[in-house]
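> Take a look at the following structure, please.
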Amino acid sequence: MAEPPTSSPALDSRAFARHLADVSHTWTAAMEAADIDAVVVPAGNAGFYYQDDIAPPFRPNPGFAQWVPDDGTEHCLLVYRPGEKPHLFFHQEADYWHLPAAVPEWADAEYEVEVGGDADALATAAINTATRAGRVAYIGPPDGVPRDAERVAVNPQALTVRLQYARAYKTDFEIAAIRHATDIGVAGHLAAREAFFHGASELDIHLAYLNASRQTDAELPYPNIIAQNDHAGVLHYQHRDAHPPSKRRSFLIDAGGRHLGYASDITRTYSAAQDDFAGLIDALDERQRTLIAGIRPGISYVDLHERMSRSIGELLAGFGLVRCEADTAFEIGITDIFFPHGLGHLLGLQTHDVGGWLAAPDGRVSPPPERYPALRLTRRVEARQVFTIEPGIYFIPQLLELAAKAPYADEIAWPRVESFLPCGGIRVEDDVLVTDDGCENLTRPAFQRLDTTPA
């Protein structure tokens, strides 16, 4: 019997050892280029809310999580000196109010482990260990730097940009973690889809997603977007109505899974009826799959965004939403009203992973074109990158009001657009792994494997 997709398999020690070897090599090269002899990498901690003794859920510094894939690491630190075994300073406080964190069973094989219950003393011990090596950098939240760390460079740019640039290239261990995070997310998506078609509220759909994906809200890679009807026209819709709408029209879900610190990011849109909105969903879905099929190393992600924008112009024309030709809709900027965000972003330890605008390891930046200010990824496509492809077509009143005052206003078929307004919008998002000669869609095969709904 196949392993349930929502279970959490034990960490593969051999794959993790290879991952740490790759991470060590990457960090060593970056440190040498930045003239750094040792690094202190804190996991960080979750600060209390203002005038409160309650804190938000803890999420470790992603630089630390690349070395130590475990969430139970608040106040922990890692010291790395090239050529030596990483030193893990593990915080384990004697506490009967909360369950103390446990040192991962695989830690002793990969690190020199030192356990301590005093967070400040542990940080000082880490700094003292690192500073024996010479030039030391602290890579993490700057507000957590110990007071006795005067000799330590905090997040020196020459090092941080190299580390961020390198994060785009995933190890086999990281790719496997994203694959499992995808299975987790897809299991939730399938339950959410079923709940929508059974008339559930946004809140109940969200709860169905959590139950099927076996995640708590704190474990999600990002807050779920569960949007029915016109709520789908709010790009990062953050509420969850407890009662279903009086008339069910559409449903957009943007939700992912998380495994060993690595995220998946998946969006699907559904229509309650077999109508023109359903047809537009299917048409955008087909264009998204066609775009993904053409991804190859060496192309520009900006070019991918532009190709999809032109495709959206074709859909606007084909569905009678504009009066002009498709090319004209693109050239005069109408497509930007209906597709106002970027095509996608890097994915990994963060949902919107760092380094999307970096053009080179030395920190040179390739900002997005002026026309596409929301584009999070401008890099050349290369093997072992993982990123999202998430085109959308939206009917957003605020943007349509701007369009009504624009020189091209007469080119928009307003009665047709208004008929789509109650449905809010469409987004279709898959996660893509670039290979040596093409790409692999990580998301679609998971739906095919896990969807047992009769055809």
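The values are calculated or read from the model by the stated rules, or taken from the named source; none is laboratory data. Computed from a prediction, not measured in an experiment: that's the story for all the values here. Cβ coordinates were reconstructed from backbone atoms using ideal geometry, including for glycine residues, and neighbour counts include every protein chain displayed. Just the protein is used for accessible areas: all its heavy atoms, side chains included, with ligands, DNA and RNA removed. Shrake-Rupley method; radii C 1.70, N 1.55, O 1.52, S 1.80 Å.
> Taking the Cα centre as origin and putting +1 on Lys and Arg beta-carbons and -1 on Asp and Glu beta-carbons, what dipole magnitude results for the chain, to the nearest 20 debye?
Roughly 720 debye for the chain.
> What is the chain's relative contact order, in percent, from Cα pairs under 8 angstrom and six or more apart in sequence?
Values: 888 pairs, mean separation 66.9, N = 455.
With pairs under 8 Å counted, the relative contact order is 15 percent.
> Express the accessible area of the chain per residue in Å², computed with a 1.4 Å probe while the remaining protein chains stay in the model.
In whole numbers, the chain has 45 Å² accessible per residue.
> At 7 Å along Cα-to-Cβ for each site, give me the label-to-label distance between residue 214 and residue 419 in nm.
In this crude spin-label approximation the distance works out to 4.6 nm.
> With label points built 7 Å along Cα→Cβ from the Cα atoms of residue 33 and residue 155, find their separation and express it in nm.
2.0 nm
> Where Lys and Arg each count +1 and Asp and Glu each count -1, what net charge lies around residue 236 among other residues with Cβ under 12 Å from its Cβ? Don't skip to the end; give the middle numbers.
Working: positive: 427; negative: 254.
Computed value for this residue: 0.
> By a straight-distance test (C-alpha under 22 Å), which lysines pair with residue 85 as possible cross-link partners, with residues fewer than eight away in the same chain excluded?
170
> Right, next: Quickly estimate the mean residue ellipticity at 222 nm for the chain, helices only: each DSSP H run with n ≥ 4 gives -39500 (n - 2.57), and the total goes over all residues, rounded to 500.
It comes out at -11000 deg cm²/dmol, rounded to the nearest 500.
> Placing +1 at every Lys and Arg Cβ and -1 at every Asp and Glu Cβ, with all other atoms neutral, what dipole size does segment 142-295 have around its Cα centre, in debye to the nearest 20?
Details: 16 positive and 20 negative charges, 61 e Å.
In debye, rounded to 20, segment 142-295 gives about 300.
> Principal axes first, then extents: for the Cα atoms of segment 327-390, list largest minus smallest coordinate on each axis, whole Å, largest first.
That gives 38, 22, 18 Å along the principal axes, largest extent first.
> Return the carbon/sulfur percentage of the accessible area of segment 307-362, one whole number, probe 1.4 Å, all protein chains in place. All intermediate terms of the calculation are to be shown ahead of the outcome.
On the way: 940 of 1940 Å².
Result for segment 307-362: 49 percent of the exposed heavy-atom area is carbon or sulfur.
> With the contact rule set at Cα under 8 Å and sequence spacing of 6 or more, what percent relative contact order holds for segment 30-184?
Answer for segment 30-184 is 25 percent.
> May I ask for the net charge around residue 156, where only other residues with Cβ less than 12 Å from the Cβ of residue 156 are counted and Lys, Arg are +1 while Asp, Glu are -1?
My count for the surroundings of residue 156 gives +1.
> Take every Cα pair under 8 Å in segment 174-311 that's 6+ residues apart, average their separations, divide by the length, and report that relative contact order as a whole percent. Could you put the intermediate results ahead of the total?
Working: 203 pairs, mean separation 34.3, N = 138.
The value is 25 percent.
> Only one of the listed values, [x] 22.3; [y] 28.8; [z] 23.7, was derived from the coordinates as Kirkwood radius over Cα pairs in Å; which label is it?
[z]
> A further question on this structure: Residues with beta-carbon under 10 Å from that of residue 411, excluding residue 411: net charge, scoring Lys, Arg +1 and Asp, Glu -1? Walk me through the numbers on the way to the answer.
Numbers: positive: 323; negative: 325, 410.
Neighbourhood net charge equals -1.
> Say the dipole of segment 38-108 comes from +1 at the beta carbon of Lys and Arg and -1 at that of Asp and Glu; which of 58, 100, 69 then lies farthest toward its positive end?
Going by the Cα projections, it comes out as 69.
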